[in-house]
Structure formats: C-alpha cells, structure tokens
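What follows is one structure encoded as structure tokens, with my remarks underneath.
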Amino acid sequence: MNKTLILVVEDDAPVSHLITTTLKTHDYKYIVAADGEGAIMQASSHNPDIVLLDLGLPDIDGVEVIKKIRTWSNMPIIVISARSEDTDKIEALDSGADDYLTKPFSVEELLARLRVIQRRLAVMNADTAGSVFINGALKIDFAAGCAYLGEKELHLTPSEYKLLCLMAKNVGKVLTHTYITQKIWGTSRENDVASLRVFMATLRKKIECEPESPQYIQTHIGIGYRMLKV
Ligand code: CA
C-alpha cells in the first residue's frame, strides 16, 4: 500500500484528471487544488508528502506558490508546466522547486519522477539515524569528513568535498548553478559557473568510472546538476 499523499495543483481539468487517475491506479493518495490560493491552503492544512504544481494558474503564479510554501515547509515540489524555457525552469528551481516536467509529459515519466523523490525522502529519513550517506559504491562519512568509492578513500580538495556533500544531501534534486555556487562559495558571479564546471569535471574523474557518461551526477545543460540515486 502506497501511503504517499500527493497534492495536485492544476487548473486544466483534463490534465488534472489524467494525473489523479494515474495516481489512483498506482495507489497514491491525493488531494487537488485548481488555483494558487487553494494550493497554499491545501498544502498548509494537509501537509502532503509531494506537490505536483502547474505554473500557469488563474489567480497567482505557481512560482509565488513555491515561495509561499517554502516559508514554512521543505515538502518536495515537482513543477509540471507548459513553459519550456530554461529561464522558467531556473526561476522555479531557484524558488525552491525540486524538479520539473515539461508538458506534454508521459505518465511513465511522471511516475519515475515521483519514485526519485520517494527514494530521496527515504534516504533523508535514514540520514537522521546516522551521519553516513551511501549511494551505490559511493559513501560519505559526514562526521569524519571522508568520502569513499567502494573500499578506496577518495582524495578530494575541500571544494570538491563540499560539492559532493551538497549534491549528496540533495540526492534526486536538480540544483541550479546559482544555488550551488552560493552554497559553496557564498557568491554567484558569472565566472563562478565556469569554476563550478572545472570542479565538477575533477570531481567526476574521481567518483565516476566513466566521467564521459556519469552514473552519479547528471548534467542539466544550462540549468545545473542532479545526483541520481543509483
Ligand atoms: Ca495552467
């Protein structure tokens, strides 16, 4: 029995119906909202596990809904939008969305994204028990400040280690260039994105068997990076 509660925010009735039918078929519990104010109300009164959010809503913009929810909760938010421009995705992700799907989307894709978030929630819950992160052969001992690949300890520079920990703590989540550079260097200037690329390349050489087709950290061109749960 799937106990995950999903809040579906969508003003387009046929799309809303498609999503809720899919959720019902896969044993998810769900609640719905057809506008932004309703979404904020449902999110605060039901505390859903995951929010599926349309951006073009009749009253307030979806990005405003994300910002509002983020003032009190870290609940995962997946944006489902017809806006396909990178700038729209970046704005939503920078406002605190976890992931995005562009309309038209496939039901399989939606279910896959939900599973990614659910795995991340499971990892986060396990995390509170200990201070060790394990993802495939990759292991980070946060308390000791060490990272391993299999039995081998990785020799990372402080920036590479910070970058790896940031990606690991947000496993499954797309992090924008701006978000990452702010977290690592406390700033976000034009050339920081170039530096980030360099650090990412050297980190990948150390953690990926084939840095050209990375298994752990995925590139979202023009947007950022995401660590996958392998
Ligand atoms: Ca809409």
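Considering only Asn191, Asn47, Asn170, give the residue with the highest GNM mean-square fluctuation for the chain, with springs between Cα atoms whenever their separation is below 10 Å.
Of the options given, Asn191 has the highest mean-square fluctuation.
Trypsin sites (Lys or Arg not before Pro), restricted to the stretch 111-204: which are DSSP loop and have at most 13 other Cβ atoms within 10 Å?
Values: sites: Arg113, Arg115, Arg119, Arg120, Lys139, Lys152, Lys162, Lys169, Lys173, Lys183, Arg189, Arg197, Arg204; in loops: Lys173, Arg189.
For trypsin sites (Lys or Arg not before Pro) across the stretch 111-204 that sit outside H, G, I, E and B with at most 13 neighbouring Cβ atoms in 10 Å, the list reads Arg189.
In nm, to one decimal, how far is the modelled label at Glu151 from the one at Asp59, with both set 7 Å along Cα→Cβ?
6.1 nm
Give the calculated FRET efficiency between Leu18 and Lys162 to the nearest 0.05, with a Förster radius of 35 Å applied to their Cβ-Cβ distance. Walk me through the intermediate numbers first.
Details: r = 41 Å, r/R0 = 1.18.
After rounding to 0.05, the efficiency reads 0.25.
Fewest Cβ neighbours within 10 Å first, please rank Glu10, Glu160, Glu64 accordingly.
So the residues, fewest neighbours to most, are Glu64, Glu160, Glu10.
Taking the chain as a Gaussian network, where each spring joins two C-alpha atoms under 10 Å apart, which residue of Ser106, Ser81, Ser159 fluctuates the most?
Judging by the Gaussian network model, the answer is Ser106.
For a quick check: sort Ile31, Ile184, Ile77 by the number of other beta carbons within 10 angstrom, fewest at the front.
On the way: Ile31 17, Ile184 20, Ile77 28.
Listing Ile31, Ile184, Ile77 from fewest to most nearby Cβ atoms yields Ile31, Ile184, Ile77.
For Cα pairs less than 8 Å apart in space and 6+ apart in sequence, what is the mean separation divided by the residue count of the stretch 75-230, i.e. the relative contact order in percent? Can you show the working numbers first?
Values: 188 pairs, mean separation 33.0, N = 156.
Normalised by residue count, the contact order of the stretch 75-230 is 21 percent.
Which value in Å does the Kirkwood hydrodynamic radius of the stretch 42-102 take, with 1/r averaged over all unlike C-alpha pairs and then inverted? Intermediate results must be reported in sequence, preceding the final value.
Details: mean 1/r = 0.0870 Å⁻¹.
The Cα-based Kirkwood calculation yields 11.5 Å.
How large is log10 of I(q)/I(0) for the stretch 81-164 at q = 0.10, 0.21, 0.23, 0.26 Å⁻¹ when the intensity is taken from the Debye formula with one equal scatterer per alpha-carbon?
The calculated log intensity ratios at q = 0.10, 0.21, 0.23, 0.26 Å⁻¹ are -0.40, -1.02, -1.07, -1.18.
On full extension of the chain, what length is gained from Arg189 through Val132, given 0.36 nm per residue of separation minus the C-alpha to C-alpha distance? Before the final figure, lay out the partial values.
Details: separation 57, 0.36 × 57 = 20.52 nm, distance 3.23 nm.
Full-extension gain reported as 17.3 nm.
Running a GNM on the chain with Cα contacts under 10 Å, which residue among Pro58, Pro211, Pro158 ends up with the highest mean-square fluctuation?
Of Pro58, Pro211, Pro158, the most mobile in the Gaussian network model is Pro158.
Rounded to whole Å and ordered largest first, report the semi-axes of the equivalent ellipsoid of the chain derived from its Cα gyration tensor (root of 5λ).
Working: eigenvalues 207, 78, 49 Å².
Working through the eigenvalues yields semi-axes of 32, 20, 16 Å.
In debye, nearest 20, what is the charge dipole magnitude of the chain about its Cα centre with +1 on Lys and Arg Cβ and -1 on Asp and Glu Cβ, if you could check? Please list the in-between numbers first.
Details: 26 positive and 30 negative charges, 179 e Å.
Here the size comes out at about 860 debye.
When the chain is fully extended, how far beyond the present Cα-Cα distance does Ser106 get from Arg119, taking 0.36 nm per residue of separation?
Numbers: separation 13, 0.36 × 13 = 4.68 nm, distance 2.03 nm.
The span from Ser106 to Arg119 would gain 2.7 nm if fully extended.
Report, for the chain, the % of DSSP beta bridges that are antiparallel, rounded to 5.
On the way: 17 of 33 bridges.
Antiparallel bridges: around 50 percent, rounded to the nearest 5.
Sort the stretch 167-222 into rounded, prolate or oblate with this rule: let a ≥ b ≥ c be the square roots of the eigenvalues of the Cα gyration tensor; rounded if a/c is under 1.5, and if a/c is not under 1.5, prolate when a/b is larger than b/c, oblate otherwise.
On the way: a/c = 1.97, a/b = 1.48, b/c = 1.33.
Prolate is the answer for the stretch 167-222, as a/c is 1.5 or above and a/b outweighs b/c.
Ordered by residue, what ³J(HN,Hα) values in Hz, to whole numbers, does the stretch 59-67 give under the Karplus form 6.51 cos²θ - 1.76 cosθ + 1.60, where θ = phi - 60° and Gly and Pro are x?
Working through the residues one at a time gives 9, 10, 5, x, 4, 5, 5, 4, 4 Hz.
Convert each backbone phi in the stretch 82-97 into a coupling constant with the Karplus relation 6.51 cos²θ - 1.76 cosθ + 1.60 (shift: θ = phi - 60°), then list the ³J(HN,Hα) values in order as whole Hz, x for Gly and Pro.
In residue order, the calculated couplings are 7, 6, 10, 5, 4, 4, 5, 5, 4, 4, 5, 5, 5, 6, x, 5 Hz.
What order do you get for Thr219, Thr25 when you list them from fewest to most C-beta neighbours inside 10 Å?
Numbers: Thr219 13, Thr25 10.
Listing Thr219, Thr25 from fewest to most nearby Cβ atoms yields Thr25, Thr219.
Given the -39500 (n - 2.57) contribution per DSSP H run of 4+ residues, what per-residue ellipticity at 222 nm results for the chain, rounded to the nearest 500 deg cm²/dmol?
On the way: 8 runs with 102 residues, N = 230.
Counting only the DSSP helices, I get -14000 deg cm²/dmol.
Laboratory data are not the source of any read-out in this text; all were calculated from the coordinates shown. Being a predicted model, the structure only gives us computed values, none of them experimental. With ideal geometry, Cβ positions are generated from the backbone for all residues, glycine too; neighbour counts draw on all protein chains shown.
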